[in-house]
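Below you'll find the structure, written out as structure tokens, and then a few comments.
Coordinate-derived values only; no laboratory data. Keep in mind that this is a model prediction, so the values were computed, not measured. When we count neighbours, we look across all protein chains shown, and the Cβ atoms used for this are built from the backbone with ideal geometry, even at glycine.
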Amino acid sequence: MDRELEQAALVALLRRGDRSWSDLTDQVESVGSAWEVLDGALDVSGQGALFDEAFADEKDLEGIAAEIAAWESEGMRLVTVLDDDYPLYLRLVHQRPPFLFLRGTPVEDDLRVAVVGTRNPTPEGVAHARAIAGGLAERGVTVVSGLAAGIDTAAHGTALAVGGRTVGVIGTGLRRSYPAQNARLQGEIAERGLLLSQFWPDAPPSKTSFPMRNAVMSGYSLATVVVEAAYRSGARMQARLALEHGRRVFLMRSLMTHEWAREYAARPNTTVIDGPDDVFTELDSLVPATGELSWM
């Protein structure tokens, strides 16, 4: 079955809502076809039409395929776990979403580093974020961040200012901007970089969407740099997830006042840094050898 109908079948499965998305992702990847999984679900005891009339035949899938085409005409490209262009490193983590919506220019290289931190940074934190993001971008590294206020904004803005590549991994659908003051920056990233969302186009921000975003940002990136972060923060959570994913974590030395940071600093794959140069010197070692990244 062609890509369009496979994508439509996956959307149909997810909209049914009778199974967790992670379970469906596992099954679809195992079977290798969303259509086969959907067809089996609809044919329970020969009562497929009674079980769920909404997705009983291929005509219904063609309707969803038309909806996907409309999303694309709006500049939102759907990529699923069955597609070859689904990001490789993200595919390797347990929290991989079943689909992504992309707006902008696809990132061809694999050297992507996330720069994250608090929404309420100190002037020193902003300066560090700008120096790190700018230096990475000038060296051809794609700067990834979450388009939040504070450190994220500084990282994205600096990468664009030096003519580099940046990817915004957002916690809403692509039709929304959060925070509202970053709407212009989000539009600029869409024009000159890439926006990535694991949520339906109109999905609003929520308490769960941002932790999910951090998991995807970690999986999508080969390393995470945490500039400033409290214990109860998405940046701290992303550092933990990155270590679970087998990715490199860089922690600013100023974070060592926090117990959580000292604990993470003692783990393998963590480097405490004093400034941007400490990140730059490690760039060649970030790309893993074949098989080095593990399924989580």
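What to note about this one:
- Think of the chain as a dipole: +1 on every Lys or Arg Cβ, -1 on every Asp or Glu Cβ, centred on the Cα centre; then among 164, 280, 222, 280 lies furthest on the positive end.
- Distance in nm between pseudo-label sites at residue 120 and residue 15 (7 Å out along the Cβ direction from Cα): 4.2
- When shorter helices are ignored and each DSSP H run of at least 4 residues is given -39500 (n - 2.57), the per-residue value for the chain at 222 nm works out to -13000 deg cm²/dmol.
- Each of 101, 251, 179 was scored by the projection of its Cα onto the charge dipole of the chain, and the greatest displacement toward the positive side belongs to 251; charges sit on the C-beta of Lys, Arg, Asp and Glu.
- Taking each residue as 0.36 nm, the span from residue 263 to residue 105 lengthens on full extension beyond its C-alpha to C-alpha distance by 53.1 nm.
- Take each peptide in 178-184, 228-234, count the other Cβ atoms within 10 Å of every residue, and average; sorted highest first, the result is 228-234, 178-184.
- Here the relative contact order of the range 131-195, from alpha carbon pairs under 8 Å that lie six or more residues apart, stands at 32 percent.
- When you restrict to C-alpha pairs under 8 Å that are six or more residues apart and normalise by the size of the chain, the relative contact order lands at 16 percent.
- Pairs of Cα atoms nearer than 8 Å and 6+ residues apart set the relative contact order; for the range 112-285 it is 22 percent.
- Computed about the Cα centre, the dipole magnitude for the chain is approximately 1540 debye when only Lys and Arg (+1) and Asp and Glu (-1) carry charge, each at its Cβ.
- Taking a ≥ b ≥ c as the square roots of the eigenvalues of the Cα gyration tensor, the range 121-160 is oblate, since a/c reaches 1.5 or more and a/b is not larger than b/c.
- About the Cα centre, charge dipole magnitude for the range 78-170 (Lys/Arg +1, Asp/Glu -1 at Cβ), debye: 240
- Modelled spin labels at residue 278 and residue 180, positioned 7 Å past Cα toward Cβ, are 4.0 nm from each other.
- Reported label for calculated Cα extents along the principal axes in Å given (i) 51, 41, 36; (ii) 64, 45, 37; (iii) 64, 37, 33: (iii)
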